[in-house]
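Participant: Have a look at this one.
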Amino acid sequence: MDSAAVGLEKAIEAIKIGVSDPERDQLHRELDQFLGWLEPALEVDTGDLEGLVFSHEAINVLREDTPRQSDLAELQEAAPNFTGGFYLVPKIME
Amino acid sequence: MELRKTTVHRVAEAVLEGEITAHQLIDKTLKNCSVLNEGLNIFNAVAGVDATEQARAIDEKIKQGGELPLAGIPITVKDDLCYGVLPTSFGSSAFSEFISPVTAAVVESLMEAGAVVIGKTNLDDMGQGSTTLTSPGGATANPWQAERTAGSAGAAAVATGICMLAVESDSGGALRQGASHCGVAGLRPTTGRVSRHGLNAHCSSFARVGITAFSCENISGVLDIISGFDERDAATAVCRKGIPEIIKTPGSEDITIGYPVTAFDFLQPELREVFEQARDDFAGLGYKIKNIDLGLLREGLQAYYIIALAEASSNHARFDGIRFGKTGEADNLENMYFQSRAEILGKEARRRSIFGTFLLSKGNYGRYYRQALKIWELIRQEFAGVLKECDLLMLPTAKNLPRQLKGEVSFLDEWSDDFFCAPVSLSGMPALTIPAGQVNRIPVGMQLVGPPFSEKTLLAVGSTSGPRDTGTL
């Protein structure tokens, strides 16, 4: 396996998405195509430019830290399983 | 009352003055909906009883003297935007029955103004795509040529006259390309102008909520209603002290339109002819045309996909069967995650999330992701520089005619369809798609792109150019 193929296997493990063997093979082929497709972007001379993280200049604005009413009943109704005052989720401890 | 041949203002006026009740209008709309939707696959859910109840409530408010500038106006909502009454699937069959506890801010604003939601419209797998070809429920056909994709279902709903306004998301160009393919107008607003609260964004940096309508006039009629600061979306903080509008009077030689000559080399010859004609038409209307250069469109598209995939891998992490989505059947926790995520995410969303994780991994982050952030800055500078030389610029919207519903298309070809839209998304500038003409009876649109908060100028200029003769459906 080349480094991209190893990287792809690690990515699948890290993100925990189940893929079938045929899909896995296809992803390997497609990743090679994708990385080739990206080559022109890598050749752009960006020098010491800082990367952008937001489209225009803006400062973060905090809202007033005041208590608010939440409609808990509405949230509880939206939960798949709310029983005895608890939101029940699948077992995550083994 | 044929919705395609009138305006939002005129219809709302008719409802407010009692020429027709909101209930009658929506009843007729729902009947038309089942006929016009035939074979197109526009809707994931139709409001039915809910829409009727909304309309009755509007009629009651009018009796009590309510001021409703959008009284009775039928709207559709793309299915990655929450509406607390109908299911919101996000483009995943795992959420086909999910009723959100919230309603998207834009939908709330339009409903408060009297609009009536008649349905949720189809979209690509987890909202990722500009064709609907990856939708778990199948693609939406183009009303102009049913063997081709509509690009976006909301645009198809507007083009057929099912609704007057479609609320849609746009990251790499879904809203704009849909409008282009269906011969209608679509506005992607400036970053921060319109709240994204209630939108399931796969790509937070570039996802915006916009409006598709039959005419620029109809979009103008709702722009102020949906614009402004919303504390639930930090990006709207730029509008906290009011919207910094840039408005220029159109139709005069005071407005210069940039024409990126080399960009048109990437178009099919017949599409190129449409834009050359549109440029000449603008010149004929008195606008100054200035040749400009945008040299980084291809690299902008590539940078968009690096960032969009990286963000998708992060944003989709919550769909794990524990926090969101159905829990997959498995014998242990690890396998449960793999199974749940495989079921929640479709093939396109899986590809994007896995590639995004790859791009963010050690050794690739600097080479790809950091480089993409720098190209994003170069694109912003390039567009800002061009828009110092001219008031707005015209660009194609779609690189090709809409894709055929049947037939193989590679994922890279499909991503490349965003060639003219994704770089504009990176720029943060507003973009308006308007009809430019036709090729073989298929509509072709063009984008007008202006500086931040110049939407009213774009809409005014767009109004003077059309709607162009795109024939009759």
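The values are calculated or read from the model by the stated rules, or taken from the named source; none is laboratory data. Bear in mind that the values here come from a model prediction, so they are computed numbers and not experimental data. Please note: Cβ atoms are built from the backbone with ideal geometry, for glycine as well, and neighbour counts cover all protein chains shown. The area values use the complete protein model at the heavy-atom level, side chains included, leaving out ligands, DNA and RNA. Shrake-Rupley method; radii C 1.70, N 1.55, O 1.52, S 1.80 Å.
Participant: Treating only the Cβ of Lys, Arg, Asp and Glu as charged (+1, +1, -1, -1), what charge dipole size does region A:1-43 show about its Cα centre? Round to the nearest 20 debye.
Facilitator: Numbers: 4 positive and 10 negative charges, 39 e Å.
So the dipole magnitude of region A:1-43 works out to roughly 180 debye.
Participant: Follow-up question, since we're still on this one. Which of the listed residues, B:401, B:357, B:438, is farthest toward the dipole's positive end in region B:347-453, when Lys, Arg count +1 and Asp, Glu count -1 at the beta-carbon?
Facilitator: Comparing the listed Cα positions along the dipole, B:357 ranks first.
Participant: At 1.4 Å probe size, put B:224, B:281 in order of accessible surface, largest to smallest.
Facilitator: B:224, B:281
Participant: From the phi angles alone, apply the Karplus equation (6.51, -1.76, 1.60; θ = phi - 60°) to region B:281-298 and give each ³J(HN,Hα) in whole Hz, x where the residue is Gly or Pro.
Facilitator: Taking θ as phi minus 60°, the curve returns 5, 4, 4, x, 7, x, 6, 7, 10, 10, 5, 10, 10, 10, x, 10, 4, 4 Hz for region B:281-298.
Participant: Here's a follow-up. FRET efficiency for residue A:43 and residue B:1, Cβ-Cβ distance as r, R0 = 51 Å, nearest 0.05?
Facilitator: My answer for the efficiency is 0.35.
Participant: What percentages make up the Cα-Cα pair-distance distribution of chain B when the bins are 20 Å wide from 0?
Facilitator: Result, from short to long distances: 26, 59, 14, 0 percent.
Participant: Using a 1.4 angstrom probe with every protein chain in place, what is the largest-first accessible-area order of B:19, B:276?
Facilitator: Output order, biggest surface exposure first: B:19, B:276.
Participant: Cut-off 15 Å, label point 7 angstrom out along Cα-to-Cβ of residue B:266: give me the residues of region B:385-408 whose amide nitrogen falls inside.
Facilitator: Under cut-off, by backbone N: B:394-401.
Participant: If R0 is 22 Å, what FRET efficiency do you get for residue B:409 and residue A:20 from their C-beta distance, rounded to 0.05?
Facilitator: 0.55
Participant: Given the -39500 (n - 2.57) contribution per DSSP H run of 4+ residues, what per-residue ellipticity at 222 nm results for chain A, rounded to the nearest 500 deg cm²/dmol?
Facilitator: Result for chain A: -13000 deg cm²/dmol, rounded to the nearest 500.
Participant: Here's a follow-up. Quick one: if you stick a label point 7 Å off each Cα along the C-beta vector at residue A:69 and residue B:60, how many nm between them?
Facilitator: Once both label points are built, they end up 2.0 nm from each other.
Participant: Right, here's the next one. Taking the Cα centroid of region B:6-55 and of region A:1-45, what is the distance between the two, rounded to the nearest whole Å?
Facilitator: For region B:6-55 versus region A:1-45, the Cα centre distance is 47 Å.
Participant: Ok, one more. Stretch residue B:112-residue B:276 to full length: gain in nm at 0.36 nm per residue minus the Cα-Cα span?
Facilitator: 54.8 nm
Participant: Nearest 10 degrees, 0 to 90: what angle lies between the long axis of helix A:3-15 and the longest principal axis of chain A (Cα atoms)?
Facilitator: On a 0 to 90 degree scale, this one is about 10.
Participant: Probe radius 1.4 Å, ligands and nucleic acids left out: which of B:99, B:354 has the largest accessible area, and how do the rest follow?
Facilitator: B:99, B:354
Participant: Given bins 20 angstrom wide, list per bin the percent of all Cα-Cα distances in the protein assembly as shown, short to long.
Facilitator: Bin by bin from 0 Å, the calculated values are 22, 57, 21, 1.
Participant: Per 0.36 nm of contour for each residue apart, how much would the distance between residue A:13 and residue A:88 grow if the chain were fully extended, relative to their Cα-Cα spacing?
Facilitator: On the way: separation 75, 0.36 × 75 = 27.00 nm, distance 2.69 nm.
Once the chain is fully extended between residue A:13 and residue A:88, it gains 24.3 nm.
Participant: With +1 on the Cβ of every Lys and Arg and -1 on the Cβ of every Asp and Glu, and nothing else charged, how large is the dipole of the protein assembly as shown about its Cα centre, in debye rounded to the nearest 20? Walk me through the numbers on the way to the answer.
Facilitator: Numbers: 52 positive and 75 negative charges, 62 e Å.
So the dipole magnitude of the protein assembly as shown works out to roughly 300 debye.
Participant: Another question, then. As I understand it, the dipole of the protein assembly as shown uses +1 on the Cβ of Lys and Arg and -1 on the Cβ of Asp and Glu, about the Cα centre. Which of B:275, B:192, B:8 lies farthest toward its positive end?
Facilitator: B:8
Participant: May I pose another question? Let me spell out the model: positive unit charges on the Cβ of Lys and Arg, negative unit charges on the Cβ of Asp and Glu, origin at the Cα centre of region B:283-425. What dipole size does that give, in debye rounded to 20?
Facilitator: About 200 debye.
Participant: Using the Kirkwood radius built from alpha carbon pairs, what does the Stokes-Einstein equation give as D for region A:1-43 at 25 °C and 0.890 mPa s, in µm² per second? Walk me through the numbers on the way to the answer.
Facilitator: Working: Rh = 11.2 Å.
Calculated translational D: 220 µm²/s.
Participant: Something else about it: Rounded to whole Å, give me the distance from the Cα center of region B:296-364 to that of region B:168-204.
Facilitator: If you average the Cα positions of each part, the centres end up 22 Å apart.
Participant: Label points 7 Å out from Cα along the Cβ direction at residue B:285 and residue A:33: separation in nm?
Facilitator: Roughly 4.0 nm, to one decimal.
Participant: Rg (Å, one decimal) plus Dmax (Å, integer) for the alpha carbons of region B:203-356?
Facilitator: Just the Cα atoms of region B:203-356 yield Rg and Dmax of 22.6, 71 Å.
Participant: Could you list which residues have their amide H under 5 Å from that of residue B:444, counting only those 5 or more apart in sequence or on another chain, with H placed in the peptide plane?
Facilitator: Residues meeting the amide H criterion: B:436, B:437, B:438, B:439.
Participant: Right, next: Write down the accessible area per residue of chain B in Å², having rolled a 1.4 Å probe over the full set of protein chains.
Facilitator: 34
Participant: Just checking the output field for A:17-27: average partner chain Cβ neighbours within 10 Å of each residue's Cβ?
Facilitator: 5
Participant: In terms of modelled amide H atoms, which long-range or inter-chain residues lie less than 5 Å from the amide H of residue B:163?
Facilitator: For residue B:163, the qualifying residues are B:158.
Participant: Still on this structure, please answer the following. Once A and B are treated as a pair rather than alone, how much accessible area drops out, both sides summed, in Å² to 100, probe 1.4 Å?
Facilitator: Working: alone 9450 and 18430 Å², together 22980 Å².
It comes to approximately 4900 Å² buried between A and B.
Participant: May I pose another question? Given the whole protein assembly as supplied and a 1.4 Å probe, what does the accessible area of residue A:28 come to in Å², nearest 10?
Facilitator: 40
Participant: So what's the gap between the Cα centers of region B:108-131 and region B:217-269, to the nearest angstrom?
Facilitator: 21
Participant: Right, next: Are there GluC sites (Glu not before Pro) in region B:47-103 that DSSP marks as loop and that have at most 15 other Cβ atoms within 10 Å, and which are they?
Facilitator: Working: sites: B:53, B:60, B:67, B:97; in loops: B:67, B:97.
Loop-located and lightly packed - B:67, B:97.
Participant: Whenever you get a sec, compute what percent of the accessible area on the protein assembly as shown sits on carbon and sulfur atoms (1.4 Å probe).
Facilitator: The computed percentage sits at 50.
Participant: Read phi for every residue in region B:260-270 and hand back ³J(HN,Hα) as whole Hz from Karplus 6.51 cos²θ - 1.76 cosθ + 1.60, θ = phi - 60°, with x for Gly and Pro.
Facilitator: x, 4, 5, 4, 6, 5, 7, 9, 5, x, 5
Participant: Can you work out the Karplus-derived ³J(HN,Hα) for every residue in region B:320-330? Use 6.51 cos²θ - 1.76 cosθ + 1.60 with θ = phi - 60°, whole Hz, and x for glycine or proline.
Facilitator: Result, ordered by residue: 10, x, 10, 7, 9, x, 5, 7, x, 7, 7 Hz.
Participant: List the lysines whose alpha-carbon lies under 27 Å from that of residue B:63, not counting same-chain residues fewer than 8 positions away?
Facilitator: B:28, B:31
Participant: Using the Cα centre of region B:122-262 as origin and beta-carbon charges of +1 (Lys, Arg) and -1 (Asp, Glu), tell me which of B:201, B:234, B:149 is placed farthest towards the positive end of the dipole.
Facilitator: The residue sitting most towards the positive pole is B:234.
Participant: Which far-off residues, 5 or more places away or on another chain, put their amide H under 5 Å from the one on residue B:420, with H placed in the peptide plane?
Facilitator: Here the answer is B:399, since their amide H atoms fall under 5 Å of that of residue B:420.
Participant: Can you tell me how chain A classifies by the Cα gyration tensor, rounded, prolate or oblate, using a/c under 1.5 as the rounded cut?
Facilitator: Values: a/c = 3.78, a/b = 1.37, b/c = 2.76.
In terms of gyration-tensor shape, oblate.
Participant: GluC sites (Glu not before Pro) within region B:126-222: which are DSSP loop residues with at most 15 other Cβ atoms inside 10 Å?
Facilitator: B:147
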